[in-house]
């Protein structure tokens, strides 16, 4: 397929490379062109603007840090919507809010384009290794068309509904569940450490108990206080908790654990941790216990 | 070894059976003798009191529901302490509080006995199948002596310190982490369900994301609202959260997530859920969202 | 002075009437003209649009339910900004967010107008009786000019700073403190009631303890479960808690009590209480305790 | 009446003095006798033990820091119960738990004594000035007998029920409501201060809004960060929040705001604030916001 890809950051680079490896033709755009350039060695062509990446493409992917960036790239000046051909599909891999996903669906439909939300779970290494978990939602015929693209970038794809925003609420809730684990680890490490238990011992036991690499990896980061480089920046974690709370509020669902996470992330930001990995959430509990 | 075993409930039965299978001689006692009787077919002898089970034993295990029961069986009238021979060891498998573990250590030492805390992770099926995870703490020479007993009942044993109560704080924090997962699932299911996402879809995605049987099993219980029979009764979950909060308070560690769990468990009890499985915690979020 | 007044609801009617009583000339506008009409008996003239109310006025007051309404009336099509004369002042009495107040300051300044935030504390009866507490912020010379207007509508005026949005953060924090009292009352009533204490007894004691009419009035509403008619609708309370959380987040201040309030208000909305008085927050605690 | 009075601390001294002023004969006991001695100038006699103070007395008052002290003084060795004459009444002014009050009622009844809970609201100055608010509960005929004693020490007495522990739950809930106000002030001061609002301005506005001396006094302590000398030590505040949570748990009432307070008080203790006034709770919010 002929593809455009906007947003060549840590995640986007791996995804785009796997699309190229699968034989697709990919025009890439990144605000900082250096990052995109590396992909030309894998066969990508450079686009000078989102619109140029979108022109003549069957599908345009976006992988951007937040709602603002996605809205701007899609419907701002020189955005992809201004150049997409009739029937082309915008595939949004970014972790964006439910409200924006609903708006994108409507706006693209009004212009004769398709829209799919296809956020992914996985860190940059997983993106590179084609091991992402893709959660997709949107009209059935568009999902069918996009299927080979998802197969090219992840280890497994889940289709969750015809309303694109359903994929976003699932992705946000998934990140909420990971953040909840971070908070649980943080409080448990504070209590066991102050009680004299060795951090590695506690980590090993909890890893054995849950038998999950997610627990193993994040638990190790916390036990060893290794928060740099950030696999996922704390400020992005705060953004996602904010978005899940907004999505829940629209449906009148209280999420007290998400509210607690929001407060802890804000305290972390107040102490300058915004660019550390979000597992540094543990420092909030540590400070609170004067550890 | 010559063993006494007090408390033949769902967990105790499996543990005692595996001790018998490993060739140990076991005198069993249970307040309701019927439950203990079944074990005589596996070679156990029946004791008429905790003291009788303890007499002449090298080690006495207790597997009882709460602090009160353990304190009573150990140091109450007709308790094991009144009959243990010099140098015999009390091995407490129950999930008890840190404060009680410290008292038991001291009291037994004053009488010339040993004391080890060796709480276990795993449901009744795991106890039966010798797949428990044992967390042990106490004086090194006692732990060495007890090692074959742990090997007989679990898939893996972790030694966490010379102070017996350290094993209890680890066990309590482990249960706290499982309960945290239950609350995270509860809130996420409420939000995704109200947003139109199919419960099985969400369950599958989160299971894939964490790759943990703990998530798979508890997530399925919540998705299917199957809370009976109780693998672990909600009232016991509340007890453990209370105990972890007490242990943390002694060390001056705030645990806001544990506090949230305590409130949610209390609301569950107010609605009559005390004997359902603790995964029924999800009904608190559901009611709160008017789901 | 020659004034325009937009928003003749329960609060606006009383405020506008007191401006008329003080001898000012007031052109009133309300989306539903019937409500505004009553004021013509007090000497007001009817305006057909916000712009018309603003034309030739020295100051234009807005008293509207939320940020969206204020932004629309100020800078939407036919809004006051399109008609205000050079040097005229927009006085915003509404409880709006800090971010919007900052935008209004900037936008008006760019057009050669002044802007003041002057939110008020008090219920409709207080507005009618000229007993409001006015919290004002903005450039000093504008505040001086507006002083007689504040004197005409309230019992006391506090000036809190040169940046208009400071008045808004104070107003939001004041409402947060009242809502905190509602939650404290709710939990205390649930516990004392289930313990057998008579509600009127508890109310009397707490009223004596605090010696505050705010405690007396809201406590009585909760004790008697009298939530209609709504002096201040619960959905507006939720809006204000949302706005105070946003204002705090911008400054990186965690407000865990405000987060708790947000969750409780959302649960109230999930149970259909949005149009009841916000003191009906007590029903959330009551349900949670299965009272 | 012939009275015994145990516990001559900051509060007890004022109460005992007012009983003497009202013409009662009072035998006083304090663990540190110096504090009790001063009262002999007002006509008190010194007792060498709680039992001695209780012998021949019609009523014995206790005003002690916590449950442990009250239980010990009442039923420990040399306690008042060993010396009280038949029909004598134990009047407990201390802020103790609901569970202990129930036990004291039962134990005294079994020995032919009466028991009344009569906790008080007010700081040491109020105790000295006969301005306490007394909350009393117990059997009606005992309350009638004790009425003159309450009139001698407070500005107003509330009778809340025939079950003595009801007075304790009311007192605990009252302290919970004051602590809730402290937390609300703490978060609001953090947000307004970081937003550039002057602390004295915010204090004045909130004082005007609530019109309550409780808000005025505590707000001033927080605004001026004056936490010494402690009118009420933070560690006692933590104790009371713990007791209210226990009382609520017995009735299956979740109190999420009380849980939040417990966590904040624990964090304060972790930072060494246990002996500061409990209004220093504000430092927890300040630290959390990196203020």
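Here, each number is a calculation from the coordinates, and none is a lab measurement. Given the structure is predicted, the values throughout are model-derived calculations rather than measurements. Here Cβ is always computed from backbone atoms with ideal geometry, including for glycine, and neighbour counts include all displayed protein chains.
What angle, in degrees between 0 and 90 and rounded to the nearest 10, separates the Cα long axis of helix C:10-21 from the longest principal axis of the Cα atoms of chain C?
Between the helix axis and the principal axis of chain C, the angle is about 40 degrees.
Using the alpha-carbon atoms, what tilt in degrees (0 to 90, nearest 10) does helix B:256-270 show relative to the longest principal axis of chain B?
90
Could you pull the Cα extents of the protein assembly as shown along its three principal axes, largest to smallest, in whole Å?
87, 79, 41 Å, listed from the longest principal axis down.
When chain D is treated as a GNM, springs tying every alpha-carbon pair under 10 Å, which of D:205, D:80, D:222 comes out with the largest mean-square fluctuation?
Comparing D:205, D:80, D:222 in the GNM, the peak value goes to D:205.
From the Cα gyration tensor of the stretch A:53-109, with a ≥ b ≥ c the square roots of its eigenvalues, which class applies: rounded if a/c is under 1.5, or else prolate if a/b is larger than b/c, or else oblate? Please report the intermediate quantities before stating the final value.
On the way: a/c = 1.66, a/b = 1.49, b/c = 1.11.
Prolate.
Kirkwood hydrodynamic radius, computed over distinct alpha-carbon pairs, for the stretch B:185-291: how many Å, to one decimal? List each step's numbers first, then the result.
Details: mean 1/r = 0.0686 Å⁻¹.
In the stretch B:185-291 this quantity evaluates to 14.6 Å.
Two-decimal Rg/Rh of chain A from alpha-carbon positions, Kirkwood Rh? Walk me through the numbers before you get to the answer.
Working: Rg = 19.8 Å, Rh = 19.8 Å.
Dividing the radius of gyration by the Kirkwood radius yields 1.00.
Whole Å is fine, so just give me how far the alpha carbon centre of the stretch A:50-129 lies from that of the stretch C:10-53.
Between the Cα centres of the stretch A:50-129 and the stretch C:10-53 lies a distance of 48 Å.
Can you give the average number of partner chain beta-carbon atoms within 10 Å of each beta-carbon in peptide B:164-175, as a whole number?
On the way: counts 0, 2, 7, 2, 1, 8, 9, 1, 4, 13, 8, 1.
Taking all residues of B:164-175 together, the mean is 5.
With no solvent and one point per C-alpha, what does the Debye sum give as log10 I(q)/I(0) for the stretch D:93-208 at q = 0.12 Å⁻¹?
-0.56
Based on the alpha-carbon gyration tensor of the stretch C:1-54 and its eigenvalue square roots a ≥ b ≥ c, which shape applies: rounded if a/c is under 1.5, prolate if not and a/b is larger than b/c, or oblate?
Details: a/c = 1.61, a/b = 1.16, b/c = 1.38.
In terms of gyration-tensor shape, oblate.
Rounded, prolate or oblate for the stretch D:94-154? Axes are the square roots of the Cα gyration tensor eigenvalues, ordered a ≥ b ≥ c, and the cut-off for rounded is a/c under 1.5. Each step should come with its number before you reach the end.
Working: a/c = 3.09, a/b = 1.64, b/c = 1.89.
The shape class here is oblate.
State the antiparallel share, in %, of DSSP beta bridges confined to chain A, rounding to the nearest 5. Can you show the working numbers first?
Working: 4 of 29 bridges.
In chain A, approximately 15 percent of DSSP beta bridges are antiparallel ones.
How large is the helix-only mean residue ellipticity at 222 nm for chain D, computed as the sum of -39500 (n - 2.57) over DSSP H runs with n ≥ 4, divided by its residue count, in deg cm²/dmol to the nearest 500? Kindly include the intermediate steps, with their values, before the conclusion.
On the way: 13 runs with 155 residues, N = 291.
My calculation for chain D gives -16500 deg cm²/dmol from helical runs alone.
Quick one: label points 7 angstrom along Cα→Cβ at residue A:144, distances to the other copies in nm, smallest first?
Result, one decimal in nm: 7.1, 7.5, 8.9.
Springs between alpha-carbon atoms under 10 Å, Gaussian network over chain C: tell me which of C:50, C:119, C:213 tops the mean-square fluctuations.
Result: C:213 has the largest fluctuation of those listed.
For the stretch C:5-126, report the translational diffusion coefficient in µm²/s to the nearest whole number, using Stokes-Einstein at 10 °C, 1.306 mPa s, and a Kirkwood Rh over Cα pairs. Don't skip to the answer; put the middle values down first.
Details: Rh = 14.1 Å.
Using the Kirkwood radius from Cα pairs, D works out to 112 µm²/s.
Using a 10 Å cut-off on Cβ to Cβ distances, tally the other chain neighbours for every residue of D:266-276 and report the average as a whole number.
Working: counts 12, 9, 3, 4, 11, 5, 2, 0, 1, 0, 0.
Mean partner-chain Cβ count within 10 Å for D:266-276: 4.
I need C:103, A:85 ordered by Cβ neighbour count within 10 Å, fewest first. Could you put the intermediate results ahead of the total?
Working: C:103 18, A:85 13.
The order, fewest Cβ neighbours first, is A:85, C:103.
Taking the beta-carbon count within 10 Å as an exposure proxy, list A:253, D:169 from fewest neighbours to most.
Values: A:253 30, D:169 33.
So the residues, fewest neighbours to most, are A:253, D:169.
Looking at chain C as a GNM with Cα springs under 10 Å, which of C:237, C:219, C:23 has the largest mean-square fluctuation?
C:23
Taking the label point 7 Å from Cα in the Cβ direction, how far apart in nm is residue D:229 from each other copy of itself, listed shortest first?
Here residue D:229 shows inter-copy label distances of 5.4, 6.0, 6.4 nm.
So what's the projected area for the stretch A:146-207, the Cα convex hull averaged over all directions, in nm²?
On the way: hull surface 23.4 nm².
With the hull built on Cα positions only, its mean projection is 5.9 nm².
In whole Å, how far is the Cα centre of the stretch A:190-235 from that of the stretch C:137-196?
With the stretch A:190-235 and the stretch C:137-196 each reduced to a Cα centre, they are spaced 44 Å.
Counting other beta carbons within 10 Å of each Cβ, put D:194, B:131, A:37 in order, fewest first.
On the way: D:194 20, B:131 17, A:37 14.
The order, fewest Cβ neighbours first, is A:37, B:131, D:194.
What residue of chain C sits with its beta carbon nearest the rotation axis taking C to D, and at what distance in whole Å?
Nearest Cβ to that rotation axis, in whole Å: C:212, 2.
What are the label-to-label distances in nm, one decimal and shortest first, from residue C:106 to the same spot in the other copies, with labels 7 Å along Cα to Cβ?
The answer, with the shortest distance listed first, is 2.6, 6.4, 6.7 nm.
Compute the helix-to-body angle for A:98-110: its Cα long axis versus the longest principal axis of chain A, expressed 0 to 90° and rounded to tens.
The helix A:98-110 is inclined about 0 degrees to chain A.
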